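Visitor: Got a structure here, written out as structure tokens. Questions coming.
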Amino acid sequence: MYLGLGIDTGGTYTDAAIMDMSNGTVLESNKALTTYPDLIRGIKNSIEGLDPRCLKQIKFVSVSTTLATNTTLEGKGYPAGLILIGHTIPKKLASRYVISIQGGHDSDGNEISPLEDLENVRDFVKQVKNKVASFAVSGYFGVRNPEHELKVKEIIKEITGLPVVCGHELSMSLGAYERAVTALLNAELIPVSKQFINSIQAVMKEKKIKATLMMMKCDGSLVRIEEALQKPVESIFSGPAASLVGAAHLTGLDTCVTVDVGGTSTDISMISGGIPEISDSGAKVGGWRTMVKAIRMDTSALGGDSLVWIKGKTYLGPRKVIPLCLAASEFPCLLEKLEETTESPNKRIMDEIIQPTSFFIRNGVTPPELLSGELEEDEREIIENLGIEPLSILEISEKIGKHPLMFAGTLKNLIKKRHVSQIGFTSTDALHVLGEYIRWDGRASFMGARVLGKSLKKEADEFSAGIKAEVVRKITLELVSFFADDIKREDLEKLIENEAFLKFHIKVPVVLVGAPVRAYLKDLNETIDADIRIPAFHDVGNAVGALVGKVIHRTEVLIRPSAAGKAEYSVFSEIGKAVFEDYGEALDYGLSLSKRLVSDYMDGHGLEMENVEFDLRKNDVGSLGKTPMETRLVGIGVGTTGKLV
């Protein structure tokens, strides 16, 4: 058998699945908690739950992750140097290590200013090379002529040997600012991607798994691990993309919408005719609009780890915490602490931090004294008083002698910096109370529901049922919004909350994936009129998707008349610019080049063109006599991992 191993590292779980690649059958799977900052432990734990005999037969490994997304959202990318050619430095670009030099080209790829500031480039690179992990280079109209970008890249490589990425290598679309942002984010993510891939490779080596290694991109396609290391920004949504592809495979559907309920978020996306729907605009993450092709996806901060908190009424999220049931399985002392919790804090001071069922614990094993250089004095005071067991907000208050209001903000900062984790009641705990999803210590969940429910004069079961109903309402809202994007969200909320609300009809099948989704199926069927399915192995859909993704390569070739007064035609592509005297010659070259670029890419992935579906589309714009004002050639090659040579 030709066996494949799929691995997905998410914010909460690391999943693994083994598949017979010859027929697409999933043989077995396992889930383990993702371990920060040592990812290797979580990856090993997920793999060690699989049959060792199968692991010896693995020939293909494919991975996906949301680590790049989380890093960007939290602003924790590694520092990178940015060199802009021919345009000013935008205020929003976050890098402190940025310069702009003369140079650049026009829309026809002609040089508008010579590249004369190379000594400034050398001085800048030498000055910051020990302060950054990588460099990004982006030139004005670099997609029409990358000559200046490549020259600067060569200089940086000679001086530092550090990774360097150019704007034209990531996107052929126009938009100088967006291309610079994409290049900078990519440079900042290279060390993050390297850590993840190195962790995968280390576990493969330890387990003696000798196999081809690939990674899923955020458009649902697979890429060689070498390219994934160079262009990590293209894998920024690889986790949700893998979930979409996995859901389609597990149900045997070519067209469906997927609802992925994870620990951190709920993601909704769609696949049509076996190809993931791609967003019209580039991937947007953390307020940054990039030029990365990504699946069309709606994401909400609703997951199994979403905090349930009270302040006169019940709130769900958006903060992510460790569920009480999970924490109690590791720290049994929580049961005693919850049993002794009889009163809630005054509701006037309660927020997401000050809660009767919230506890806090220090992350990692780094001693407080080694963290002192990066901590404020009030932060250090809390860290020094947090031990190996969780403490409630009142216990911390007693230890440091301050009212909770005086340090709640400090706790929030420590959580954001990942020095402290919060434990609390979650939607996962609510399902434990109701007996509809059992994985850890449900006693802690019941005690937490009893404490929170008491403040609202509700029993534990009634309180938990209300949380489950709110999750169903939010999933329904997100699903309806995905299709009815022309209706205001507040209007949709009113419709759904109206007792006379009719079921929303969805024509395509809806596939639910994620560990707890079976608990929500019955209620969703009451609000959504659709063919809703939950496939086998739904809890490891991402790991399955990482295996069945296709190798997809898109090329774009543009043919335009050269500058006015010249009877020439310029052909722009990812390899540069070519000029022809005749439009027919330019078109023939463009058509041939499109197929050659796809063929070369597939060959690098071990795929022969006879096993690749190739589609080439020609779009003409306007006319200049007998020839178009512009011709755009878009070539798409699709190969499957089952046909790797």
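Visitor: Among the residues of region 82-101, are any part of a helix (DSSP H, G or I) and either touching a Gly at 6+ places or on another chain (Cβ under 7 Å) or open to solvent by less than 30 Å² (accessible area, probe 1.4 Å) (or both)?
Guide: no
Visitor: Still on this structure, I have one more. Out of the residues in region 346-379 that are surrounded by fewer than 18 Cβ atoms within 10 Å (Cβ to Cβ) and over 32 Å from the mean Cα position of the chain (by Cα), which is modelled with the lowest pLDDT?
Guide: Filtering first and then ranking leaves Glu369.
Visitor: Right, something else. Take the conditions out of contact with any Asp or Glu (no Cβ under 6 Å at 6 or more places or on another chain) and at pLDDT 90 or above and apply them to Leu644. Does it pass?
Guide: The answer is no for Leu644.
Visitor: Taking region 33-44 as the region of interest, how many residues are in contact with a helix residue (DSSP H, G or I) (Cβ under 7 Å, 6 or more places away or on another chain) and charged (D, E, K, R)?
Guide: Residues in region 33-44 being in contact with a helix residue (DSSP H, G or I) (Cβ under 7 Å, 6 or more places away or on another chain) and charged (D, E, K, R): 1 in total.
Visitor: Within region 596-614, is there a residue that is open to solvent by less than 60 Å² (accessible area, probe 1.4 Å) and more than 31 Å from the chain's Cα centre (by Cα)?
Guide: No: zero hits.
Visitor: Quick one: which of Ile575, Ile532 is open to solvent by 40 Å² or more (accessible area, probe 1.4 Å), β-branched (Val, Ile, Thr) and without any contact (Cβ under 8 Å) to a residue 24 or more places away in the chain?
Guide: Matching residue, one of Ile575, Ile532: Ile575.
Visitor: Next question. Please go through region 329-345 and pick out each residue that is in a loop (DSSP other than H, G, I, E, B) and at pLDDT 80 or above. Working first, answer last.
Guide: So the first thing to find is which residues in region 329-345 are in a loop (DSSP other than H, G, I, E, B), and the list is 331-332, 341-345.
Phe331, Pro332, Thr341 - these are the residues of region 329-345 that are in a loop (DSSP other than H, G, I, E, B) and at pLDDT 80 or above.
Visitor: Can you pull out the residues in region 218-268 that are touching a residue at least 40 places away in the same chain (Cβ under 8 Å) and of a type in the set (D, E, K, R)?
Guide: Asp219, Arg224, Lys231, Glu234, Asp260
Visitor: Please count how many residues of region 51-81 are aliphatic (A, V, I, L, M), open to solvent by less than 40 Å² (accessible area, probe 1.4 Å), in contact with a strand residue (DSSP E or B) (Cβ under 8 Å, 6 or more places away or on another chain) and modelled with pLDDT under 85.
Guide: Looking only at that region, the number is 1.
Visitor: May I pose another question? Determine whether region 311-319 contains at least one residue that is open to solvent by less than 40 Å² (accessible area, probe 1.4 Å), within 22 Å of Ser481 (Cα to Cα), under 16 Å from the mean Cα position of the chain (by Cα) and touching a residue at least 12 places away in the same chain (Cβ under 8 Å).
Guide: Here is the first cut: in region 311-319, the ones open to solvent by less than 40 Å² (accessible area, probe 1.4 Å) are 316-317.
Filter once more, so that each one left must be within 22 Å of Ser481 (Cα to Cα): 316-317.
Checking which are under 16 Å from the mean Cα position of the chain (by Cα) leaves us with none.
No.
Visitor: Is there a residue being crowded, with 22+ Cβ neighbours inside 10 Å and within 16 Å of Tyr177 (Cβ to Cβ) anywhere in region 146-155?
Guide: Within region 146-155, one or more residues are crowded, with 22+ Cβ neighbours inside 10 Å and within 16 Å of Tyr177 (Cβ to Cβ).
Visitor: For Thr160, all conditions in the list (1) closer than 24 Å to Val128 by Cα; (2) out of contact with any Asp or Glu (no Cβ under 8 Å at 6 or more places or on another chain); (3) in contact (Cβ under 8 Å) with a residue 60 or more places away in the chain hold save one; what is the number of the exception?
Guide: Every condition holds for Thr160 apart from (3).
Visitor: While we're here: Checking Tyr520 against (1) in contact with a Pro (Cβ under 8 Å, 6 or more places away or on another chain); (2) over 19 Å from Gly246 (Cα atoms); (3) buried (at least 22 other Cβ atoms within 10 Å of the Cβ), which single condition isn't satisfied?
Guide: Unmet condition: (1).
Visitor: Return the only residue of Val638, Val634 being touching a residue at least 12 places away in the same chain (Cβ under 8 Å), within 24 Å of Gly139 (Cα to Cα), of a type in the set (Val, Ile, Thr) and out of contact with any Gly (no Cβ under 7 Å at 6 or more places or on another chain). Give the derivation first.
Guide: Numbers: Val638 fails: within 24 Å of Gly139 (Cα to Cα).
Sole residue among the options that is touching a residue at least 12 places away in the same chain (Cβ under 8 Å), within 24 Å of Gly139 (Cα to Cα), of a type in the set (Val, Ile, Thr) and out of contact with any Gly (no Cβ under 7 Å at 6 or more places or on another chain): Val634.
Visitor: Conditions first: (1) within 28 Å of Phe359 (Cβ to Cβ); (2) modelled with pLDDT of 90 or more. Thr251 passes all but one, so which condition is the exception?
Guide: Here Thr251 clears every test but (1).
Visitor: Something else now. Do we find that Ala187 is under 22 Å from Thr66 (Cβ atoms), of a type outside the set (Val, Ile, Thr) and touching a strand residue (DSSP E or B) at 6+ places or on another chain (Cβ under 6 Å) in this structure?
Guide: yes
Visitor: I need the full set of residues from region 455-492 which are open to solvent by 50 Å² or more (accessible area, probe 1.4 Å), in a helix (DSSP H, G or I) and either touching a Cys at 6+ places or on another chain (Cβ under 6 Å) or modelled with pLDDT under 75 (or both), in order please.
Guide: If the condition is that a residue be open to solvent by 50 Å² or more (accessible area, probe 1.4 Å), in a helix (DSSP H, G or I) and either touching a Cys at 6+ places or on another chain (Cβ under 6 Å) or modelled with pLDDT under 75 (or both), then Arg489, Glu490, Asp491 are the ones that fit.
Visitor: Would you be able to tell me the number of residues in region 248-269 that are open to solvent by 20 Å² or more (accessible area, probe 1.4 Å), of a type outside the set (D, E, K, R) and either more than 16 Å from the chain's Cα centre (by Cα) or farther than 13 Å from Leu512 by Cα (or both)?
Guide: The qualifying residues number 8.
Visitor: If you don't mind, another one. Identify the residue in region 615-635 that is open to solvent by less than 50 Å² (accessible area, probe 1.4 Å) and in a strand (DSSP E or B) and, among all such residues, is nearest to Asn23 (Cα to Cα).
Guide: That would be Gly635.
Visitor: State all residues of region 225-247 that are more than 21 Å from Ala211 (Cβ to Cβ), open to solvent by 10 Å² or more (accessible area, probe 1.4 Å) and hydrophobic (A, V, I, L, M, F, W, C); if no residue qualifies, say none.
Guide: Hit for region 225-247 is Phe237, nothing else.
Visitor: Can you confirm whether Ile18 is surrounded by 16 or more Cβ atoms within 10 Å (Cβ to Cβ), among the β-branched types (Val, Ile, Thr), farther than 22 Å from Lys231 by Cβ and at pLDDT 95 or above?
Guide: Criteria met by Ile18.
Visitor: Just give me the residues in region 10-32 being closer than 23 Å to Arg418 by Cα, in a strand (DSSP E or B) and in contact with a helix residue (DSSP H, G or I) (Cβ under 6 Å, 6 or more places away or on another chain), in sequence order.
Guide: Thr14, Asp15, Ala32
Visitor: It is to be established whether one or more residues within region 182-192 are in contact (Cβ under 8 Å) with a residue 40 or more places away in the chain, surrounded by fewer than 24 Cβ atoms within 10 Å (Cβ to Cβ) and either among the hydrophobic types (A, V, I, L, M, F, W, C) or within 25 Å of Met602 (Cβ to Cβ) (or both).
Guide: The answer is yes, given that some residue of region 182-192 is in contact (Cβ under 8 Å) with a residue 40 or more places away in the chain, surrounded by fewer than 24 Cβ atoms within 10 Å (Cβ to Cβ) and either among the hydrophobic types (A, V, I, L, M, F, W, C) or within 25 Å of Met602 (Cβ to Cβ) (or both).
Visitor: Can you tell me which residue within region 103-121, out of those that are of a type in the set (D, E, K, R) and open to solvent by 70 Å² or more (accessible area, probe 1.4 Å), is farthest from Glu568 (Cα to Cα)?
Guide: Glu119
Visitor: Take Glu499 and tell me if it is of a type in the set (Asp, Glu), at pLDDT 95 or above and either under 21 Å from Ile271 (Cα atoms) or not in a strand (DSSP E or B) (or both).
Guide: no
The values are calculated or read from the model by the stated rules, or taken from the named source; none is laboratory data. Worth saying up front: this structure is predicted, and the values here are computed from it rather than measured. Cβ coordinates were reconstructed from backbone atoms using ideal geometry, including for glycine residues, and neighbour counts include every protein chain displayed. Please note that ligands, DNA and RNA were not included when accessible areas were found on the heavy atoms of the full protein model with its side chains. Shrake-Rupley method; radii C 1.70, N 1.55, O 1.52, S 1.80 Å.
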